[in-house]
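A.B. asks: Below you will find the structure I want to go over with you.
The numbers here are math on the coordinates, done by the rules we state, and not lab data. From a predicted model like this one, the values you see are computed outputs, not experimental measurements. Positions of Cβ are generated from backbone atoms using ideal geometry, with glycine treated the same way; all protein chains shown enter the neighbour counts.
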Amino acid sequence: MLDQLEQKARQALDATPDSDALAAWHRHYLGKKGAATQMLRSVSALPPEERPAFGQAVNRLKRALETAFEARQAVIQRQEMEQQLASGAIDVTLSGRPTGPGHLHLTTQTLRQIYAIFAGMGFQVYEAPDVETDELNFGLLNMPPEHPARDMWDTFWIGDQVLLRTHTSPGQIRVMRERYPEPIRVILPGKCYRYEQITARAEHQFYQVEGLAVGRGIQMTDLIGTLTEFARRFYEPDRRIRIRGSYFPFTEPSIEADMDCILCNGKGCRVCKYSGWLEVCGAGMVHPVVLQNGGYDPEEWSGFAFGFGVERPAMVKYGIDDIRYFYGNDLRFSTQF
Ligand code: DAH
């Protein structure tokens, strides 16, 4: 009985013309309700002593048919591929879809505009690391452990004393320690990280550009002049800057600078929340303790510093309403700029 089945199955297999027929054959002989499986079920009709031998024989048959099936499948697949090739359905000489040459990311473009503007005012670019120590990110910036101002920065901690910088300000200490006793005029661009809820306005990673000037006789008016010049070159030549008192542990006095809204020219609109002004940056005169931590005697030296985000000015300039687009890696966004 088994021999008959095997013979029939092999003949049918050799006669299968294509992969559809092959699949049907497999269902018919080896599928759940296939002939071989049915055969196995019939074992219960046999006297108990004949059952083991019969069962083994059926299983051997199933394995043999499975092997024969695979061999036939290889033959048919090959035939079908050759047919397809012959009929030209697959043109292996056709070139792939071209990828465009690509271009710089909007953030990189914006950073380069910023570098060029500050280069025009004599600022060099100084790069500091993304992974910082607690001491540089906070302590030496006049925020010893337990200082409540640390709460202004939600921090990704890597270890007990190591973190992802929450701002570019620690670079101020690095550049001062490296350059002393030279006067300093640098910008410090780089990525910053904050353990924050991501929204249309806030990402957990973003770029900042820090500015630092240290010299003899540097004053608040130098800072205001620098920021005004920046706003005029980055946006439009008639922009205005206003300053407000603020607080940062590493500057004294501290200010915040705003620019008249570029969309409504100061009249008030949705973007400036009807105030007529857009926040530009935090800034101030470098705190004497920070100068000292950098190695500069505050009796002799003074300086100004500022720090601003990069994505937000780009959002204002290009009318982007959600910061999450920047690093969402969606080409529909990236290719627009
Ligand atoms: N580091 C500040 C922040 O991330 C920004 C800042 C404010 C930088 C005042 C400065 C400064 O250099 O003087 O919120």
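A.B. asks: Find how much the distance from Glu252 to Ala12 grows on full extension, using 0.36 nm per residue of separation minus their present alpha carbon separation; answer in nm with one decimal.
C.D. replies: 77.2 nm
A.B. asks: Name the shape class, rounded, prolate or oblate, that the alpha-carbon gyration tensor gives for region 106-334, where a ≥ b ≥ c are the square roots of its eigenvalues, rounded holds for a/c under 1.5, and otherwise prolate holds if a/b is larger than b/c and oblate otherwise.
C.D. replies: On the way: a/c = 1.66, a/b = 1.23, b/c = 1.36.
Oblate, because a/c is 1.5 or more while a/b does not exceed b/c.
A.B. asks: Most exposed first by the Cβ proxy, i.e. fewest other Cβ within 10 Å, how do Glu236, Glu6, Glu203 rank?
C.D. replies: Glu236, Glu6, Glu203
A.B. asks: Any chance you could count the Lys pairs in the chain whose alpha carbons are under 30 Å apart, treating pairs 8 or more apart or on different chains as valid?
C.D. replies: 9
A.B. asks: Would you calculate, for the chain, the mean residue ellipticity at 222 nm contributed by helices, counting each DSSP H stretch of 4 or more residues as -39,500 (n - 2.57) and dividing by all residues, to the nearest 500?
C.D. replies: So the calculated ellipticity at 222 nm is -12000 deg cm²/dmol.
A.B. asks: Taking the Cα-to-Cβ direction at Ala68 and at Lys33 and moving 7 Å from each Cα, how far apart do the two end points lie in nm?
C.D. replies: 2.3
A.B. asks: Any chance you could list P(r) for region 2-87, counting all Cα-Cα pairs in 5 angstrom bins from zero, rounded to whole %?
C.D. replies: Each 5 Å bin holds this share of Cα pairs: 3, 13, 23, 20, 14, 10, 7, 4, 3, 1, 1, 0.
A.B. asks: Amide H to amide H under 5 Å from Ile218: which residues, 5+ apart in sequence or cross-chain, H placed 1.01 Å off N in plane?
C.D. replies: Ser302
A.B. asks: Here is a further query. What's the local net charge at Leu40, with K and R +1, D and E -1, over the other residues with C-beta under 15 Å away? Working shown, then result.
C.D. replies: Working: positive: Lys32, Lys33, Arg41, Arg51, Arg60, Lys62, Arg63; negative: Glu6, Glu50, Glu66.
That works out to +4.
A.B. asks: Residues with amide H under 5 Å of Gln124's amide H, sequence separation 5 or more or different chain, H placed in the peptide plane at 1.01 Å from N; which?
C.D. replies: Arg185, Val186, Ile187
A.B. asks: Using per-residue counts of other Cβ atoms within 10 Å, averaged over each peptide, order 15-21, 299-305, 273-279 from highest down.
C.D. replies: 299-305, 273-279, 15-21
A.B. asks: Can you tell me the FRET efficiency between Lys191 and Ala21 if r is taken as the Cβ-Cβ distance and R0 is 56 Å, rounded to the nearest 0.05?
C.D. replies: The pair Lys191/Ala21 has a calculated efficiency of 0.40.
A.B. asks: Sorted by mean Cβ packing within 10 Å, highest first, what order do the peptides 218-228, 288-298 take?
C.D. replies: 288-298, 218-228
A.B. asks: Residues with beta-carbon under 10 Å from that of Arg72, excluding Arg72: net charge, scoring Lys, Arg +1 and Asp, Glu -1?
C.D. replies: -1
A.B. asks: Would you kindly derive the ³J(HN,Hα) couplings of region 166-176 from the backbone phi angles with the Karplus curve 6.51 cos²θ - 1.76 cosθ + 1.60 (θ = phi - 60°), listing them in order in whole Hz, with x for Gly and Pro?
C.D. replies: 8, 7, 8, 4, x, x, 4, 5, 4, 5, 5
A.B. asks: Give the calculated FRET efficiency between Asp238 and Asp160 to the nearest 0.05, with a Förster radius of 41 Å applied to their Cβ-Cβ distance.
C.D. replies: 0.20
A.B. asks: Give the residue list of chymotrypsin sites (Phe, Trp or Tyr not before Pro) in region 166-228 that are DSSP loop and have at most 15 other beta-carbon atoms within 10 angstrom. Intermediate results must be reported in sequence, preceding the final value.
C.D. replies: On the way: sites: Tyr193, Tyr195, Phe206, Tyr207; in loops: Tyr195.
When the chymotrypsin sites (Phe, Trp or Tyr not before Pro) of region 166-228 are filtered for loop state and at most 15 Cβ neighbours within 10 Å, Tyr195 remain.
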